[in-house]
Amino acid sequence: MKRKLLDILACPICKNYPLELIVFEEKEEIEEGLLICNKCNRWYPIMESIPHMLPDDLRDKEEDLSFLRKWKEKIPENILREGKPFNLS
Amino acid sequence: MSWKAFDTYAKEYDAWYKENKEILESECKLIKSLDLKGFGIDIGVGTGIFAPFSNVSIGIDPAINMLKIAKSKGIEVIRASGEFVPFREKVFDFAIMIATLCFLERPREVLKEIHRILKDNGIFVACILPRNSKWGKLYEKKKLEGHRLYKFAHFYTVEEACSLINEMGFKVVMIRSTLRQPPGAFLHVEEPEDGFKDHGFSCIKAIKSK
């Protein structure tokens, strides 16, 4: 994902913007990272440079949880504990 | 859930078009002739096969394996559902949906989202496989036989698609079609034609009106 994309993104569910961006790995583009909606507390992973922004019922819980575990050192505590739709608590 | 089927057959999707080059080229000629300008999005971008012709900058689709192919072609992609589009309001000059309308479970919600993300007077294009054509009848037959993708489809006539689009706050301004040659006897690349007369692929161009 290119950084510039953040200028037009919004939370697909509550439509809040801007989203908060946390970058884990970046080359020419953001390879791995996290998009956070600070209004509804949903988080969206960026994996292999593609932001995954599906509604809750289409998300893969196991994949999401392993993403949180993989990057937990770099993910804010409130998302790890209370992030939607899935968290580590 | 039809997109899961698309994900399963992601690689075969482009392969089919490679085997049917004249069909692909005819459809691409039509899409190119629409002359879409500005900042555009493809809703249901799939493998991005039409992106170079529609001039879109961004595509969304829920099918990740399709998106990975699109991404490898240099298109900016987001895994998202058409019912929940992850963009701010009024950011796009145009939005296009190619052979996607028939696979939507909640088409009105998707059109509402497209309306929201388009700028005032923005352009919306829906390219459909009209049910009331020789091609449409073939797709309907395949659907009844349980075709792995068509079994999920609800095919529209051009009239039905136009009234749906108009109902959702757009004004249809142009219909342009291709694939006059019937299925099974498709021999040469076609030039796009205005209107619809038993064509297998029609693009409906509309303006965001309210």
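Some values worked out for this structure:
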quantity: Residue A:40 at the interface with chain B (Cβ under 9 Å from one of its Cβ atoms) and either at pLDDT below 95 or over 21 Å from residue B:73 (Cβ atoms) (or both); calculated: no
quantity: Tally, over the range B:56-99, of residues that are of a type in the set (D, E, K, R), surrounded by 24 or more Cβ atoms within 10 Å (Cβ to Cβ) and away from chain A (no Cβ under 11 Å); calculated: 0
quantity: Output for the range B:31-49, where each listed residue is among the hydrophobic types (A, V, I, L, M, F, W, C) and surrounded by fewer than 24 Cβ atoms within 10 Å (Cβ to Cβ); calculated: B:34, B:36, B:39, B:49
quantity: Positions within the range A:48-58 being open to solvent by less than 40 Å² (accessible area, probe 1.4 Å), of a type outside the set (S, T, N, Q) and either more than 9 Å from chain B (Cβ to nearest Cβ) or under 15 Å from residue B:70 (Cβ atoms) (or both), in sequence order; calculated: A:50, A:51, A:52
quantity: Any hit, the range A:63-86, residues being under 13 Å from the mean Cα position of the chain (by Cα), in a helix (DSSP H, G or I) and closer than 20 Å to residue B:85 by Cβ; calculated: no
quantity: Of all residues making up the range B:1-52, the number that are under 14 Å from the mean Cα position of the chain (by Cα) and among the acidic types (Asp, Glu); calculated: 2
quantity: Residue A:31 being in contact with an Asp or Glu (Cβ under 7 Å, 6 or more places away or on another chain) and either within 12 Å of chain B (Cβ to nearest Cβ) or in a loop (DSSP other than H, G, I, E, B) (or both); calculated: yes
quantity: Matching residues in the range B:182-204 - criterion: being open to solvent by 40 Å² or more (accessible area, probe 1.4 Å) and under 29 Å from residue B:117 (Cβ atoms); calculated: B:194, B:196
quantity: Test for residue A:25: is it in contact with an Asp or Glu (Cβ under 6 Å, 6 or more places away or on another chain), within 12 Å of chain B (Cβ to nearest Cβ), of a type in the set (Asp, Glu) and not in a loop (DSSP other than H, G, I, E, B); calculated: no
quantity: Filter result (under 15 Å from residue B:127 (Cα atoms) and surrounded by fewer than 23 Cβ atoms within 10 Å (Cβ to Cβ)) within the range B:20-29; calculated: B:23, B:24, B:25, B:28, B:29
quantity: Test: residue A:9 is crowded, with 16+ Cβ neighbours inside 10 Å, modelled with pLDDT of 95 or more and out of contact with any Phe, Trp or Tyr (no Cβ under 9 Å at 6 or more places or on another chain); calculated: no
quantity: Pick from the range A:27-47, criterion of a type in the set (D, E, K, R) and under 21 Å from residue A:69 (Cβ atoms), ranking: surrounded by the fewest Cβ atoms within 10 Å (Cβ to Cβ); calculated: A:31
quantity: Condition check for residue B:46: closer than 21 Å to residue A:48 by Cβ, more than 10 Å from chain A (Cβ to nearest Cβ) and among the small types (Gly, Ala, Ser); calculated: yes
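The values are calculated or read from the model by the stated rules, or taken from the named source; none is laboratory data. Please read these numbers as outputs of a predicted model, since none were measured by experiment. Reconstructed Cβ throughout: ideal geometry from the backbone, glycine too, with neighbour counts over all protein chains shown. With ligands, DNA and RNA removed, areas are computed over all heavy atoms of the protein, side chains included. Shrake-Rupley method; radii C 1.70, N 1.55, O 1.52, S 1.80 Å.
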